[in-house]
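Colleague: Structure in structure tokens, see below.
The values are calculated or read from the model by the stated rules, or taken from the named source; none is laboratory data. Since the model is a prediction, treat every value here as computed from it, not as a measurement. Because the Cβ atoms are built from the backbone with ideal geometry, glycine has one as well, and the counts that use them run over all protein chains shown. Ligands, DNA and RNA are stripped out before the accessible areas are found, and what is left, the full protein with its side chains, is counted by its heavy atoms. Shrake-Rupley method; radii C 1.70, N 1.55, O 1.52, S 1.80 Å.
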Amino acid sequence: MRGRAWAGAVLVLGAQLPALWLAAAVEVYTSEEVVAVNGTNQRLKCTFSSSSPVSPQLSVTWNFQPEDLSSHEPVFYYLKEPYKPTSGRFKDRVTWDGNVERKDVSIIIWNLQPTDNGTFTCQVTNWPDVYGSIGEVRLRVVQKVSFSEIHFLAVAIGSASVLMIVVVLAVIICRQRRQKAQEKRTGASDTELKEKESLKMREEKETSPLED
């Protein structure tokens, strides 16, 4: 009986473990994709939620995997205080921009390069919550362009406005010309009619004495 009771207790505990693990897990939240211009600085936002208060043993690990899917590279580490990388591509190019009390563990990458294209991972452990999700941010570095999207949009809107004004002016000018041409034709017709009436009156005057 004791053996059966023990086995039953193990089964019950095994069924409850997933729920306990989910309740004690750390949830990490990041942007799915970030686009930045070559040579600029970019903040990689990472926040978390935990079922436990922020622990003095809270740790944050940032890693990077290039687009060629080569091995992960360390980017940043936090444990009571921030630790910058002492070697690698991110040496002297990453700074801490978070606040653990606000559950913000973000960092800033300085002077972005095309070689920084890849996926950054953000992992947080907050004892006793040592398991949970890992946040991922896909960074895409684009080259500088002569015109920004805002400038291009402004030029496009300005060109469309100028074209619309030109079309409206052309329509107005054409209408005015047609109106003047019609007025000239009407004036010519009136003049011709008056001349005909005047000629008719003269002829009537000339023929009147002869009839008498």
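Colleague: Working with all protein chains in place, sort Trp127, Trp62 by solvent-accessible area computed with a 1.4 Å probe, largest first.
Modeller: Trp127, Trp62
Colleague: For the pair Asn111/Thr207, report the inter-label distance in nm, with labels modelled 7 Å from Cα in the Cβ direction.
Modeller: Taking the two extended label points, one gets 10.9 nm.
Colleague: If you don't mind, another one. For each pair in Lys45/Lys84; Lys180/Lys200; Lys180/Lys205, compute the distance between the two Cα atoms and list the pairs where it is over 28 Å.
Modeller: From the list (Lys45/Lys84; Lys180/Lys200; Lys180/Lys205), the Cα-Cα distance tops 28 Å for Lys180/Lys200; Lys180/Lys205.
Colleague: While we're looking at this one, here's another question. For the pair Val142 and Tyr83, what calculated FRET efficiency results from E = 1/(1 + (r/R0)^6), where r is the Cβ-Cβ distance and R0 = 25 Å, to the nearest 0.05?
Modeller: Computed FRET efficiency for Tyr83 and Val142 comes out at 0.25.
Colleague: Using a 1.4 angstrom probe and counting only protein chains, how large is the accessible area of Asp104 in Å², to 10?
Modeller: Probe radius 1.4 Å; accessible area of Asp104 about 30 Å².
Colleague: Here is a follow-up. Kindly report, to the nearest 10 Å², the accessible surface of Thr125 as traced by a 1.4 Å probe over protein heavy atoms only.
Modeller: For Thr125, solvent-accessible area is about 30 Å².
Colleague: Using +1 on the beta carbon of Lys and Arg, -1 on that of Asp and Glu, and nothing else charged, what's the dipole of the range 69-140 about the Cα centre, debye to 20?
Modeller: Its charge dipole is roughly 180 debye.
Colleague: Show which aspartates and glutamates lie in cross-link reach of Lys184 when reach means a straight Cα distance below 13 angstrom and same-chain residues fewer than eight apart are skipped.
Modeller: Within the straight-line cut-off, Lys184 pairs with Glu192.
Colleague: Starting from the exponent 0.38 and prefactor 2.2 Å, build the expected Rg for the range 41-120 from its residue count and divide its actual Cα Rg by it.
Modeller: 1.13
Colleague: How much accessible surface does Leu44 have with a 1.4 Å probe, in Å² rounded to 10?
Modeller: Approximately 0 Å² of Leu44 is accessible to the 1.4 Å probe.
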